[in-house]
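Below: one structure, written as structure tokens.
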Amino acid sequence: MKEHRIEGVETEIVNARNDEPCSKLRNIQEERAERKMKLASAFRVFAHLGFDEGVAGNITVRDPEFTDTFWLNPFGHYFGTICVSDLIRVDKRGNIVEGPDSDVNESALILHGQIHEQRPEINSVVHAHSIYGRSFSATGKTLRPLTVEATAFYDDHVVFGKIGGVMNKMEEGKMVAEALENKKAMVLANHGLLTVGKTVDEAAWWFIALERSCQTQLLAEAVCNPRELTDDEALRCYQELGNSDAGWRQYQPLFQRMLKEQPDFLR
């Protein structure tokens, strides 16, 4: 992955620990600030796109230093008003180790925590209750390569149907993480969508693209038996659009929009 920097945005500086070189600490601090900034922006984007649903949904990102912990949204906080300062860092037991005192959504520990633990190469996990994702999840189908955009998930997503509805047991989260294997996306039966990525940008974009591809397939199948791209066509598109760098780049216009229209998320 290429290293990306956001110019013109201040990064937070925290006190350095004495047992590490300053240059290394500065890099960690900058990376943490970058991840938190992108995380806060993703909540604003999701609110703008209508992916918020009451208290449901989480977006998480692994801390770059304390890698067995992750940052997420406080439970019950509206996506459209989340700022960097609202974010909390929790350990795998759900204890808040940094950030304001608040409640923690149990599903963040059950779903996100298990994926973070089992997929060390993944830094961000996204799950929200979007309308077309929920509708599509009730069909039990996989996503078909009907459009160029859908090919980002060609042979790179799974349907999890062992448990339907709410998940409230840690072993259920472990089952989800194991079923995800090395894929970037999952359709949770009768529940919704879940995506992962090396960055918040990537994971957030995969969720947006998956939601829209679910919508497209539902519409297309409602009127006819739509033509699919051939395997060769789908694979060629996937190689162009389904990689981590492509996911990161697709999110940048949305991030830029939030910087312009809702810069208060940086607080």
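Yes/no per residue for (1) modelled with pLDDT of 95 or more; (2) assigned to a loop (DSSP other than H, G, I, E, B):
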residue: G8; (1), (2): no, yes
residue: I13; (1), (2): no, yes
residue: R17; (1), (2): no, yes
residue: K24; (1), (2): no, no
residue: A33; (1), (2): yes, no
residue: A42; (1), (2): yes, no
residue: V45; (1), (2): yes, no
residue: F75; (1), (2): no, yes
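Restricting to the range 47-66, name every residue that is part of a helix (DSSP H, G or I) and either crowded, with 21+ Cβ neighbours inside 10 Å or in contact with a helix residue (DSSP H, G or I) (Cβ under 6 Å, 6 or more places away or on another chain) (or both). Don't jump to the end; show me each part of the working.
To start, the set of residues in the range 47-66 that are part of a helix (DSSP H, G or I) comprises 47-48.
If the condition is that a residue be part of a helix (DSSP H, G or I) and either crowded, with 21+ Cβ neighbours inside 10 Å or in contact with a helix residue (DSSP H, G or I) (Cβ under 6 Å, 6 or more places away or on another chain) (or both), then A47 is the only one that fits.
Scan the range 150-158 and tell me whether some residue there is buried (at least 24 other Cβ atoms within 10 Å of the Cβ) and among the polar types (S, T, N, Q). Within the range 150-158, one or more residues are buried (at least 24 other Cβ atoms within 10 Å of the Cβ) and among the polar types (S, T, N, Q).
Here H112 meets the list (1) surrounded by fewer than 17 Cβ atoms within 10 Å (Cβ to Cβ); (2) in contact with a Ser or Thr (Cβ under 6 Å, 6 or more places away or on another chain) almost entirely, failing just condition (1).
Hey, among L143, L210, L194, which residue is of a type outside the set (K, R), assigned to a strand (DSSP E or B) and closer than 22 Å to L49 by Cβ? Before you say what the answer is, go through the steps one by one.
Details: L143 fails: assigned to a strand (DSSP E or B); L210 fails: assigned to a strand (DSSP E or B).
Sole residue among the options that is of a type outside the set (K, R), assigned to a strand (DSSP E or B) and closer than 22 Å to L49 by Cβ: L194.
Residue pairs whose Cβ atoms lie under 9 Å apart, sitting 6 or more positions apart in sequence or on different chains, and linking a residue in the range 218-229 that is surrounded by 10 or more Cβ atoms within 10 Å (Cβ to Cβ) to a partner that is small (G, A, S), are L218/S135; P226/A220; E228/A234; L229/A150. Among the candidates V125, V84, V90, V55, the residue that is of a type in the set (V, I, T) and within 19 Å of W205 (Cα to Cα) is uniquely V125.
The values are calculated or read from the model by the stated rules, or taken from the named source; none is laboratory data. For clarity, every value in this text was computed on a predicted model and none was experimentally measured. Positions of Cβ are backbone-derived with ideal geometry, glycine not excepted, and every protein chain shown enters the neighbour counts.
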